[in-house]
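The values are calculated or read from the model by the stated rules, or taken from the named source; none is laboratory data. Just so it is clear, the structure is predicted and the values come from calculations on it, not from any experiment. Here the Cβ is made from the backbone with ideal geometry for all residues, glycine too, and neighbour counts use every protein chain on show.
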Amino acid sequence: MIRHYQLLEVKLLNMKTNLFCLALFVLLFILNNSSYKLSIWGILIPILAIGFLYGAFKASDYSWLEIVGKNSLEIYILHIFFVMPFKEVGDYILGQNDFPVSLTLQICYSLVISVISIKLSVKIADFLKQNKCLSKLLFGI
């Protein structure tokens with residue numbers, strides 16, 4: 001169906017349009033949460049977000065998703081050994097009095113721990129797959 005709309009795809013969804021959608025989305029999001037409100041912003045914000053996300057995902061490289069997809073069983077089984085709750089870090093993040101700082105720290109902490117656990121899980125799974133007996137016992141392959 002999108003083949004009929006190649007003009008839209010080629011002309012309108014380039015990098016400039018994508019950046020314009022992102023900038024306008026951020027501006028309208030800020031204005032929508034200020035004291036000056038218009039009802040049209042509530043309609044434009046989701047449309048701009050969809051336009052930006054479509055362009056961003058169309059232009060991205062998904063090789064990392066291929067790696068995660070090929071090793072999803074191994075990641076699922078082994079990640080529990082690498083994701084450890086660090087009570088001190090959690091207390092520090094939750095102890096922040098500024099909500100945006102706390103939210104940013106939580107997101108960054110989660111991303112770092114996730115990337116580390118996925119990379120370690122894939123590396124250890126590759127090592128364990130070298131032994132046929134362990135590979136059959138742990139992963140069924």
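Would you check if Ile50 is assigned by TED's automatic domain parsing to the domain that holds Asn18 and loosely packed, with under 13 Cβ neighbours inside 10 Å? Break it down into steps so the answer makes sense when it comes.
Values: assigned by TED's automatic domain parsing to the domain that holds Asn18: yes; loosely packed, with under 13 Cβ neighbours inside 10 Å: yes.
Taking the combined requirement at face value, the residue satisfies it.
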- Message: Can you pull out every residue in the stretch 68-104 that is out of contact with any Ser or Thr (no Cβ under 7 Å at 6 or more places or on another chain), part of a loop (DSSP other than H, G, I, E, B) and more than 25 Å from Leu120 (Cβ to Cβ)?
- Response: Gly95, Asn97, Asp98
- For Ser117, all conditions in the list (1) touching a residue at least 12 places away in the same chain (Cβ under 8 Å); (2) small (Gly, Ala, Ser); (3) farther than 22 Å from Leu65 by Cα hold save one; what is the number of the exception? (3)
